[in-house]
Structure formats: C-alpha cells, structure tokens
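> Okay, here's the structure, questions in a sec.
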Amino acid sequence: MTITSTSPHILPRAKTPLSAILVIIAVSAVASAFICWLVYVHIPFDAAGNRFPYLPRVNAILNALSTVALLFGFVYIRRRNIVAHRAAMFVAFFFSSVFLVCYLATFFLHGETHLRIAHSGALWTTYAIVLFATHIPLAVVALPLILITFFLSLTGRFPQHRKLARWTWPIWLYVSVSGVFVYVLQAVINR
C-alpha cells in the first residue's frame, strides 16, 4: 500500500515546538560528552579485550545493517511508498540504537582501539582522515539530526521532515558506511 503526500494525517502547517528541538539537542550534547569521556578519560575494565572480544565486529555488522536499511528507505521514499519507507527507517534506527549500546559497551570494557603498527603510511593516513576528520564529527552531528528528523515524522510535520531528511539521510548513511570502513581498516592495520 502506498500513501501519498495528500494523506489526511499530514499536518503541513504544524509549528515545530522549539522546546522539543532544544531538548533533543541537549540530550545529544550530553550523549556526545559522555562518549568523549568514555573514550578518552574512562579507564577500561578489560583493556586487554578478553571479555566480549567480538564487540567491534558486532558494531561493524550493526552499522552495515543500518546502511542496508537506509538504502531501502531511500528507494522506498523515491517510489513514494511511505509505509515501507517508514518501516525501513525504523529498522535503520533500531540497528543504529543497538549499535550505540554495543559501542558504549565496547569502550566501557575495552577502551580505545590500539593499533599495532607505527602510525604512518597511506593506510594510517586514510584511517586517520576517515575517522577523525569525517566519521567522528559527522557522528556527533548525526545524532540530533536523526532524532529531530524522527520527531518531525512522528508528529506529522512532513514538510519539515522532508527538508531536514535531505541532510540527515546522507550524513547518517556516511556515518554508517564509514563505521564499517574504520573497522575494516583497524582489522587490516592490526594484522
């Protein structure tokens, strides 16, 4: 079943409450600060990685599954299949949310990933650029964008949802894909 943009449940003139957006941004800022603390300050409980050593692989798989769902969501919205689009985006949100929990567990237990080789060469440069210059900053931006985009959709503010989703979707997709890429580079570098 396809629902078009003329569906009666759309509220085109609904004003987005600034307070809701500010709460989402504040929660996202606190979450980002917590992750920063966890990565750079917190002393890991299992720095050797003996407990749950598979968590980084699980994180990569969850990012890959989120990527697939995001791509399906894009295809469905291009076909104007709103119901399938919404389902795909909820699946992407689910995988990204589970990823975030596993990611936090990984850093809580193991801390930062330590690479075995000296930090030089094209592989290291690629890794550093992708991780530090693009993946991390865009992941910080993606969290509030995703939450606000979902808020707009769930409250029937579809014109605003569409405008923001044009920015949210490619950033979210890049963060998911680059997360898998970073995992692969870490695996290659650590061989």
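The values are calculated or read from the model by the stated rules, or taken from the named source; none is laboratory data. Fair warning: this is a prediction, and the values are worked out from it, not measured in the lab. In this analysis, Cβ positions are derived from the backbone assuming ideal geometry, glycine residues included, and neighbour counts consider all displayed protein chains.
> Please verify whether Tyr127 is hydroxyl-bearing (Ser, Thr, Tyr), closer than 20 Å to Val184 by Cβ, buried (at least 17 other Cβ atoms within 10 Å of the Cβ) and touching a helix residue (DSSP H, G or I) at 6+ places or on another chain (Cβ under 7 Å), treating the condition exactly as stated. First the steps, then the outcome.
Working: hydroxyl-bearing (Ser, Thr, Tyr): yes; closer than 20 Å to Val184 by Cβ: yes; buried (at least 17 other Cβ atoms within 10 Å of the Cβ): yes; touching a helix residue (DSSP H, G or I) at 6+ places or on another chain (Cβ under 7 Å): yes.
Yes, satisfied.
> Let me ask you something else. Just need a number here: residues in the range 182-191 that are hydrophobic (A, V, I, L, M, F, W, C) and crowded, with 18+ Cβ neighbours inside 10 Å. Reasoning before the result, please.
Initial filter on the range 182-191 (hydrophobic (A, V, I, L, M, F, W, C)): 182, 184-185, 187-189.
Then keep just the ones that are crowded, with 18+ Cβ neighbours inside 10 Å; that gives 182, 185.
Looking only at that region, the number is 2.
> Can you report the number of residues in the range 139-159 which are in a helix (DSSP H, G or I) and closer than 16 Å to His85 by Cβ? Can you show your working first?
To start, the set of residues in the range 139-159 that are in a helix (DSSP H, G or I) comprises 139-154, 158-159.
Next, only the ones that are closer than 16 Å to His85 by Cβ stay: 146, 149-150, 152-154, 158-159.
Number satisfying all stated conditions: 8.
> If only one of Arg80, Arg86 is part of a helix (DSSP H, G or I) and of a type in the set (Lys, Arg), which one is it?
Exactly one of Arg80, Arg86 is part of a helix (DSSP H, G or I) and of a type in the set (Lys, Arg), namely Arg86.
> Determine if the range 140-153 includes at least one residue that is more than 20 Å from the chain's Cα centre (by Cα) and aliphatic (A, V, I, L, M).
Step one: of the range 140-153, the residues more than 20 Å from the chain's Cα centre (by Cα) are none.
No, the range 140-153 has no match at all.
> Could you tell me how many of the residues in the range 12-53 are at pLDDT 85 or above and more than 27 Å from Ala105 (Cα to Cα)?
Qualifying residue count, the range 12-53: 5.
> What residue, of Phe108, Phe132, is in a helix (DSSP H, G or I), among the hydrophobic types (A, V, I, L, M, F, W, C), surrounded by fewer than 16 Cβ atoms within 10 Å (Cβ to Cβ) and touching a His at 6+ places or on another chain (Cβ under 8 Å)? Break it down into steps so the answer makes sense when it comes.
Details: Phe132 fails: touching a His at 6+ places or on another chain (Cβ under 8 Å).
Exactly one residue qualifies, and that residue is Phe108.
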